[in-house]
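**Student:** Sharing a structure here in structure tokens format.
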Amino acid sequence: MKRVVIIGGGGTGDYAAFTLRKRGFDGEITILSADRDRPYDRPYLSKEFLRGEIEPPKVFLHDESDYAKERIELHLEQHVTGGSLTERRLTVAGGDDVSFDVLVLGLGGTPRRLPGIPDAENVLTLRSLGDSKAIREALGHARRLLLIGAGFIGAEVAASARKLGKEVLLVEALPVPLQRALGSEVGEIYAAIHRDQGVDVRTDTKVESWHTDGNRVTGVTLSGGKDEEADLVLVAVGIEPNLDLPRGLGLPIEGGGVRVDEGLRAAENVYVGGDVALHQHPVLRRAIRVEHWEVAKNQGRGIAGSIAGGHQPYTKIPYFWSDQYDVNLEYRGHASGDDTAVWRGDREARSFSVFYLRDGLVEGVLSMNDSKTNEAGGKLVESRRRMDPSALEDTNRDLAELASTTT
């Protein structure tokens, strides 16, 4: 009977383990997680848990007893330092080697630290449940939060902090937030939402110098020379994929990730999902790497399907969502802010969708308070049919019909 060893207790790892059991896999399943906490639902960390609206029992993906019930061995605070694919064994720091028949890597990433940021006690990053606990406690004593980076994590924390009544200064180096991913026009709307809620958004701005008192940051000087106070700092400028282990195992590293085939396989009996996977997507017909929770979860399910039922392509297109204030954002596909943006809906009411076209194909769709269009837009991405931009703009045209009939 096969033994599946999963490294990483995030979305890929946990969903792979439990889906294997649902698919009838009867072999051994072991999860080796570097985290001190059992697997948890990461989106809560910047929203409900951070605001104190829910407590850890709600955050965890499963009760502790569920792992024993499903015969899933979960080992926490396990740091895998190396191993051999030919010998099918892994080296664990401070422990015995672990053997495997099938290996699953869901390694995630480590928050990026910018040069020059002081290693102070009130300068934090957000990745783990432990991080969220620390930020939640610090926010209880803070008056003004300085956020470096206006991506989704930074924006969600900004929204949570404002809901808690904190002053928020949000500093973004780009001319508008999310410019590379969503384009300038969407970025302007995104920034306006936060300004309307009282966030001090400074775009095209960097920190020139840091002011400290002992082991604490007290403020910064921004580009342009203006001094700003802050008693808590969160750095949210993305992650570095955790690639040391796959590199040491000799797996193919490319484009900031581990290159995997259409079915998320990097080598014989080795599967990779989540933040570190550079996936040769069979629908989009190109290699993509996506750093979002829903993608990691769904790839875990896909990997389990291949292990239990035979290797198969993973065809689900990327999807993610973000809630900020009374705004719901949804995104399907994988596009760029440089792609042609086609708008549908009411920008002023903040109920619209944006289709991103490349060579006439819909590569992605972003929706703001417009879930129905986003779901239909996902079908357009999947269809790989050339679209007439005027038809996409026309709110009287049925998108589902377009997906099935346009040539």
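**Student:** Let me make sure I get this right: for the chain, a, b and c are the square roots of the gyration tensor eigenvalues over alpha carbons, sorted descending. Under 1.5 in a/c it's rounded, otherwise prolate if a/b > b/c, else oblate. Which is it? Working shown, then result.
**Tutor:** On the way: a/c = 1.86, a/b = 1.12, b/c = 1.66.
Oblate.
**Student:** Picking from Ile253, Ser128, Thr221, whose Cα lies most toward the positive end of the charge dipole for the chain (charges on Cβ: Lys, Arg +1; Asp, Glu -1)?
**Tutor:** Ile253
**Student:** So, one more: Share of antiparallel DSSP beta bridges in the range 1-125, in percent to the nearest 5? It would help to have the intermediate numbers written out before the result.
**Tutor:** Working: 7 of 20 bridges.
Close to 35 percent.
**Student:** Another question, if that's okay. Tell me whether the range 319-366 comes out rounded, prolate or oblate; compute the Cα gyration tensor, take square roots of the eigenvalues as a ≥ b ≥ c, and use a/c under 1.5 as the rounded threshold. Don't skip to the answer; put the middle values down first.
**Tutor:** On the way: a/c = 2.88, a/b = 1.52, b/c = 1.89.
Oblate shape, in that a/c is at least 1.5 and b/c is the bigger or equal ratio.
**Student:** Loop only by DSSP, 10 or fewer other Cβ within 10 Å of the Cβ. Give me the GluC sites (Glu not before Pro) in the range 162-269 that pass, ordered by residue number. Could the numbers behind the result be given before it?
**Tutor:** Details: sites: Glu167, Glu172, Glu185, Glu188, Glu208, Glu228, Glu229, Glu254, Glu262, Glu268; in loops: Glu172, Glu262, Glu268.
Passing sites in the range 162-269 are Glu268.
**Student:** Go through Thr205, Val290, Gly263 and say which Cα lies farthest out towards the positive end of the charge dipole of the range 141-299; charges sit on Cβ, +1 for Lys and Arg, -1 for Asp and Glu.
**Tutor:** Positive-most Cα among the choices belongs to Gly263.
**Student:** What does DSSP give for the range 113-235 in terms of the percent of beta bridges that are antiparallel, rounded to the nearest 5?
**Tutor:** Working: 9 of 23 bridges.
Antiparallel bridges: around 40 percent, rounded to the nearest 5.
**Student:** Taking 0.36 nm per residue of sequence separation and subtracting the Cα-Cα distance, how much length would be gained by fully extending the chain between Asp244 and Arg384, in nm to one decimal?
**Tutor:** Details: separation 140, 0.36 × 140 = 50.40 nm, distance 3.59 nm.
Taking Asp244 through Arg384 to full extension adds about 46.8 nm, to one decimal.
**Student:** Along the Cα→Cβ direction, 7 angstrom out, place labels at His211 and Glu185. What is the inter-label distance in nm?
**Tutor:** Using points 7 Å along Cα→Cβ, the separation is 4.1 nm.
**Student:** OK, next. Taking square-rooted eigenvalues a ≥ b ≥ c of the alpha carbon gyration tensor, is the range 174-238 rounded, prolate or oblate, where a/c under 1.5 means rounded and, failing that, a/b exceeding b/c means prolate?
**Tutor:** Values: a/c = 2.24, a/b = 2.06, b/c = 1.09.
Prolate shape, in that a/c is at least 1.5 and a/b is the bigger ratio.
**Student:** Also, quick follow-up: Under a straight-distance cross-link criterion of Cα-Cα below 15 Å, which aspartates and glutamates are reachable from Lys297, leaving out those fewer than 8 residues away in the same chain?
**Tutor:** Leaving aside aspartates and glutamates fewer than 8 places away in the same chain, those within reach of Lys297 are Asp14, Asp41, Asp275.
**Student:** Right, something else. Just how large is the dipole of the range 75-211 about the Cα centre, in debye to the nearest 20, putting +1 at every Lys and Arg Cβ and -1 at every Asp and Glu Cβ?
**Tutor:** Details: 16 positive and 18 negative charges, 71 e Å.
Approximately 340 debye in magnitude.
**Student:** Distance from a point 7 Å along Cα→Cβ of Ala120 to each backbone N in the range 207-243: keep the residues under 12 Å and list them by number.
**Tutor:** Backbone N within reach: 209-221, 228-234.
**Student:** Right, next: Want the number for Glu87 to Ala173: 0.36 nm per residue separation, take away the alpha-carbon distance, what's left? Let's see the in-between values first.
**Tutor:** Working: separation 86, 0.36 × 86 = 30.96 nm, distance 4.69 nm.
Gain in length upon complete extension: 26.3 nm.
**Student:** Given the -39500 (n - 2.57) contribution per DSSP H run of 4+ residues, what per-residue ellipticity at 222 nm results for the chain, rounded to the nearest 500 deg cm²/dmol? Don't skip to the answer; put the middle values down first.
**Tutor:** Numbers: 12 runs with 111 residues, N = 407.
That comes out to -8000 deg cm²/dmol.
**Student:** Please turn the phi angles of the range 165-182 into ³J(HN,Hα) values with the Karplus equation 6.51 cos²θ - 1.76 cosθ + 1.60 (θ = phi - 60°), one per residue in order, whole Hz, x for glycine and proline.
**Tutor:** Karplus-based 3J(HN,Hα) across the range 165-182 equals x, 8, 6, 10, 10, 10, 10, 10, 6, 7, x, 9, x, 6, 4, 5, 7, 10 Hz.
**Student:** For the range 113-235, place one equal point scatterer on every Cα, skip the solvent, and apply the Debye formula. What is log10 of I(q)/I(0) at q = 0.11, 0.13 Å⁻¹?
**Tutor:** Per q value, in the given order, log10 I(q)/I(0) is -0.34, -0.48.
**Student:** While we're on this one: Measuring from label point to label point, each 7 Å out along Cα→Cβ, what is the Ile54 to Asp261 span in nm?
**Tutor:** So the two model labels end up 3.8 nm from each other.
**Student:** List, in the order given, every pair from Lys166/Lys206; Lys58/Lys372; Lys133/Lys163 whose Cα-Cα distance in the structure shown is over 24 Å. Mind showing how you got there, number by number?
**Tutor:** Numbers: Lys166/Lys206 22 Å; Lys58/Lys372 28 Å; Lys133/Lys163 17 Å.
Flagged as over cut-off: Lys58/Lys372.
**Student:** While we're here: Determine the percent antiparallel among the DSSP beta bridges restricted to the chain, to the nearest 5. Could the numbers behind the result be given before it?
**Tutor:** Values: 52 of 85 bridges.
Close to 60 percent.
**Student:** Quick one: Cα centre-to-centre distance for the range 231-273 and the range 301-369, in angstrom?
**Tutor:** Going from one Cα centre to the other spans 22 Å.
**Student:** Want the number for Lys163 to Thr340: 0.36 nm per residue separation, take away the alpha-carbon distance, what's left?
**Tutor:** Values: separation 177, 0.36 × 177 = 63.72 nm, distance 3.50 nm.
The Lys163-Thr340 span can extend by a further 60.2 nm.
**Student:** Same structure, new question: Report the per residue volume, in Å³, of the convex hull enclosing the C-alpha atoms of the range 326-405. Each step should come with its number before you reach the end.
**Tutor:** Values: hull volume 6.6 nm³, N = 80.
Roughly 83 Å³ of hull volume per residue.
**Student:** Among the trypsin sites (Lys or Arg not before Pro) in the range 185-287, which ones are in a DSSP loop with at most 11 other Cβ atoms within 10 Å of the Cβ? Mind listing them? The partial results should precede the final answer.
**Tutor:** Working: sites: Arg195, Arg202, Lys206, Arg216, Lys226, Arg247, Arg259, Arg265, Arg285, Arg286; in loops: Lys206, Lys226, Arg285.
Those that pass, being in a loop and sparsely packed, are Lys226, Arg285.
**Student:** Take Asn396 and Asp200, extend 7 Å from each Cα along the Cα→Cβ direction, and tell me the distance between the two endpoints in nm.
**Tutor:** Distance between the two pseudo-spin positions: 5.0 nm.
Only the coordinates and a few stated rules stand behind these numbers; no lab work does. None of these values were measured; they are calculated from a predicted model. For neighbour counting, all protein chains shown are included, and Cβ atoms are generated from backbone atoms with ideal geometry for every residue, glycine included.
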